[in-house]
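> Following this message is one structure expressed as structure tokens.
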Amino acid sequence: MKSLYYNNKRIATLLVAVLLSFALPAMADTPVPVVPKGKGVKCVEPTDVMRKRHFEFILHQRDATMHEGIRTPQHSLAQCLNCHVPKAEAGQERVRYGSDEHFCSSCHNYAGVTIDCFECHNDGPTGQPLELTGAEGRPTPLAQPLDLVDEAVRVATREEEE
Amino acid sequence: MSKDVNATRRKFLGQAAALTGLSVAPGVFLVDLAHGKPADEPVSAKNRWGMLIDTNKCAKDCNACVTACQQENGWGSNEVNSRPDQQAQWIRKVNLKHKATGATYSLPMLCQHCETPPCADVCPTGASFRRADGIVLVDKHICIGCRYCMMACPYKARSFIHEVLQDQSVNAPRGKGTVESCTLCVHRVDRDGENAVPACAEACNEEGHAAFVFGDLNDPDSRLSQTLKKFGSRQIRADLGLNPGIHYKGI
């Protein structure tokens, strides 16, 4: 009996080892989106804030611009594209929304999130990128606080920068 | 007087002259460096933007305002799969003939930016709206493409987009399934305020006709208000009581 118990234990250990040998490399191989790097030194907000909340910034700016004529460049969709989508090389077609190489779709395709911004908006650069050197704070003050973005994140961000 | 003193004196006088030229009082500058409202300030009912179009100056065969609008806002060439009657017309030239007298008139027809816009009245989603400063717009983010506004507009100023578009102008995002019309070059108005010149007016000036006067109807001193006061004007279908912001002269 005893030998059978030990045998079972040995088999169990072996089984776990075999399973892990499959699982571990699989975990390391989890595909992650390849996001093209934008121009400039830094984005208008810290990267982690942008990852979590870019849609809130754009949505807020959308209504502010459309209905109140507030046209600050900081959270403007056109400015996103000016930095994040490269201009067409001579004789070549510019990268389009939908392609994995387009900044927005690289992640949206991965996450399976469909957006309809580019049914109306140009999906490429239409002007010069905002110039942020990295040393300064916000390029333009916000017209009003973003209701959707909680103050805690904003305070934390500011402290981090200081 | 030594040369040194002369140099200092000259420099001082130069600087003093420069300062006097630029400002008459602290903060009041003769040379206006910034135009319009600050980018982060919302528009207000303080202004009401409008235009006067002098049909006597409008040349019958000239289409410059239409072409300029197409260029500025990116319509007119990219709807390749739509029938001509489906294609967008933000502004069009209209030639009229008075039946009794035979007199002919030529004028551009565009969104009249009514004070009480019927398009906004009938819109079921609130996509058609009148901005605080009087500019009538379509918020395409919430437009469902029902086209009630096109039915309601007595000026036939609105168009519906029937096909998928690409490479839109940054000034005017536009896409399939939404209604659109003249924005009074709202991107220019937000940037330049009372010094703004819509693309149509700019082109007309360049052609040498100068039939358009853009300005603030609420400001009695604006060139628009002064011209209206001096010469009078007519609003098209004034009987409807919509109080359009676009005035015409000579019809």
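Since every read-out is calculated from the coordinates, none of them should be taken as a lab result. Just so we're clear, the structure is a prediction, and the values are computed from it rather than from any experiment. Neighbour counts run over all protein chains shown; Cβ positions are idealised from the backbone, glycine included.
> Taking the Cβ of each residue in B:150, A:50 as the centre, tally the other Cβ atoms inside 10 Å and list the residues starting with the fewest.
Result, fewest neighbours first: A:50, B:150.
> For helix B:64-73, what angle does its Cα long axis make with the longest principal axis of chain B, in degrees from 0 to 90 and rounded to 10?
90 degrees
> Mind checking the angle between helix B:3-22 and chain B's longest principal axis? C-alpha axes, 0 to 90 degrees, to the nearest 10.
Between the helix axis and the principal axis of chain B, the angle is about 30 degrees.
> Tally Lys/Arg at +1 and Asp/Glu at -1 over every other residue whose Cβ is under 15 Å from the Cβ of residue B:238; what's the total?
+1
> Now for a separate question. Using a 10 Å cut-off around each Cβ, can you sort B:123, B:114 from fewest to most neighbouring Cβ atoms? Working shown, then result.
Working: B:123 22, B:114 26.
Going from sparsest to densest Cβ surroundings: B:123, B:114.
> Further, regarding this structure: Out of the trypsin sites (Lys or Arg not before Pro) in the range B:157-226, which ones are loop residues according to DSSP with at most 15 other C-beta atoms within 10 Å? Don't skip to the answer; put the middle values down first.
Working: sites: B:158, B:174, B:176, B:188, B:191, B:223; in loops: B:158, B:174, B:176.
Filter output for the range B:157-226: B:176.
> Excluding residues fewer than 8 places away in the same chain, name every one of the lysines whose C-alpha is closer than 27 Å to that of residue B:93.
Once the sequence-local lysines are set aside, what remains near residue B:93 is B:57, B:60, B:140, B:156, B:176, B:229, B:230, B:249.
> Now a separate question. Rounded, prolate or oblate: which fits the range B:58-171, taking a ≥ b ≥ c as square roots of the Cα gyration tensor eigenvalues, rounded meaning a/c under 1.5, else prolate when a/b beats b/c?
oblate
> Now for a separate question. Considering only C-alpha atoms, what is the centroid distance from the range B:190-213 to the range A:30-100, in Å?
Value for the Cα centre distance between the two parts: 32 Å.
> Additional query: Checking a compactness column here: for chain B, what do you get for Rg(Cα) / (2.2 N^0.38 Å), N being the number of residues? Mind dumping the intermediate values first?
Details: Rg = 22.4 Å, N = 251, 2.2 N^0.38 = 18.0 Å.
Ratio of Rg to 2.2 N^0.38 Å for chain B: 1.25.
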